[in-house]
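What follows is a short report on a single structure.
The values are calculated or read from the model by the stated rules, or taken from the named source; none is laboratory data. It should be emphasised that the depicted structure is a prediction, and the values quoted were computed from it without experimental measurement. Because the Cβ atoms are built from the backbone with ideal geometry, glycine has one as well, and the counts that use them run over all protein chains shown. Note: areas computed on protein heavy atoms with side chains; ligands, DNA, RNA excluded. Shrake-Rupley method; radii C 1.70, N 1.55, O 1.52, S 1.80 Å.
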Amino acid sequence: QKSIDLPNDGCRGQIEVTDGSTQYSTIGATTDGPDEAACRFSSYSGIGSDIWYRYAATCDGNLTVDLCNSNYDTKLAVYDGCQQCPVSSPPLECNDDFATCGLRAYVTVPAVLGHCYTIRIGGYRGVQGTGTMRVSCDVIPPPSGACCDNGNCFATLTETDCEGQNGAWFPEGDCPSFACPVTPPPNDACTDCARVLTGVPYNGR
């Protein structure tokens with residue numbers, strides 16, 4: 001029987017959250033979601049005493065759900081979509097004990113702007129407690145690289161910005177240390193030999 005004190009005790013009772021901090025409690029919660037093979041930690045694949053949230057991504061980038069500020073041994077899963085209950089297994093990501101959070105959970109998954117994700121918070125072997133969930137969406141900056149012109153490395157830019165300055169972009173480089181390749185002369189290969197005439201000056205390499 002679902003807890004009357006926790007409206008999001010079941011998947012269909014998801015509460016909407018956005019970026020920022022949300023206080024939560026799993027005290028009195030039942031377990032609504034399935035065991036997840038992808039969430040098997042220390043021989044336990046369940047996410048016991050779970051509560052549910054939904055989140056619409058505010059960016060194209062990485063969605064992070066952080067339970068580090070909690071007072072019990074948490075488990076956490078993030079699922080793709082918000083319409084299906086029971087949820088469609090497996091989750092995008094699941095965590096029990098995060099390296100820098102002790103027994104608390106923390107996950108990061110790729111996010112698409114406007115897409116909805118289901119967040120499931122529970123405890124290891126059903127343990128219950130309270131805490132703060134912090135949700136954030138971080139834009140992934142485009143890669144930068146060396147921008148070259150006439151053999152000179154003049155800036156470290158994104159590909160779009162480099163091409164906008166008529167440069168050649170090299171994603172593995174940083175200016176000024178990157179050694180830009182020098183464009184060979186047009187007659188570098190025998191098949192492209194330049195024709196010269198007796199008595200006529202030739203300006204070239």
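Considering the options Phe170, Cys148, Tyr44, tell which one lies farthest towards the positive end of the dipole of the chain, charges being +1 on Lys and Arg and -1 on Asp and Glu at the Cβ, about the Cα centre.
Checked the options; the winner is Tyr44.
Could you work out the relative contact order of the chain, using alpha carbon pairs under 8 angstrom and six or more residues apart, expressed as a whole percent? Write down the numbers at each step before the final one.
Working: 495 pairs, mean separation 43.1, N = 205.
About 21 percent, as a whole number.
Assuming R0 = 22 Å, what is the FRET efficiency of Asp60 and Gln165, from their Cβ-Cβ distance, to the nearest 0.05?
Values: r = 25 Å, r/R0 = 1.15.
FRET efficiency, Asp60 to Gln165: 0.30.
Please give the peptides 169-179, 121-131 ranked by average Cβ packing (other Cβ atoms within 10 Å per residue), highest first, as a rough proxy for protection.
121-131, 169-179
If the only charges are +1 at each Lys and Arg Cβ and -1 at each Asp and Glu Cβ, what is the size of the charge dipole of the chain around the Cα centre, to the nearest 20 debye? Don't jump to the answer; show the numbers that get you there.
Working: 11 positive and 24 negative charges, 60 e Å.
For this selection, approximately 280 debye.
Between Thr22 and Ser43, 0.36 nm times their residue separation minus their Cα-Cα distance comes to what?
On the way: separation 21, 0.36 × 21 = 7.56 nm, distance 2.99 nm.
Result: 4.6 nm gained on full extension.
Given Pro90, Gly126, Ala56, which one lies farthest toward the positive end of the charge dipole of the stretch 1-132, if we put +1 on the Cβ of every Lys and Arg and -1 on the Cβ of every Asp and Glu?
Projecting each Cα onto the dipole axis, the largest value belongs to Gly126.
When ligands, DNA and RNA are left out and all protein chains stay put, how many square angstrom of accessible area per residue does the chain have with a 1.4 Å probe? Spell out each step's value before the answer.
Working: 11430 Å² over 205 residues.
Spelled out: the 1.4 Å probe surface of the chain, per residue, equals 56 Å².
Tell me, what % of the accessible area of the chain is carbon and sulfur with a 1.4 angstrom probe? Numbers along the way, then the final one.
Working: 5820 of 11430 Å².
Whole-percent figure for carbon plus sulfur exposure: 51.
About the Cα centre of the stretch 2-79, how large is the charge dipole given +1 on each Lys and Arg Cβ and -1 on each Asp and Glu Cβ? Please answer in debye to the nearest 20. Please report the intermediate quantities before stating the final value.
Details: 5 positive and 11 negative charges, 26 e Å.
Result for the stretch 2-79 is approximately 120 debye, rounded to the nearest 20.
With a 4.7 Å Cβ cut-off, tell me which Cys residues in the chain come up empty for a partner.
Cys190, Cys193
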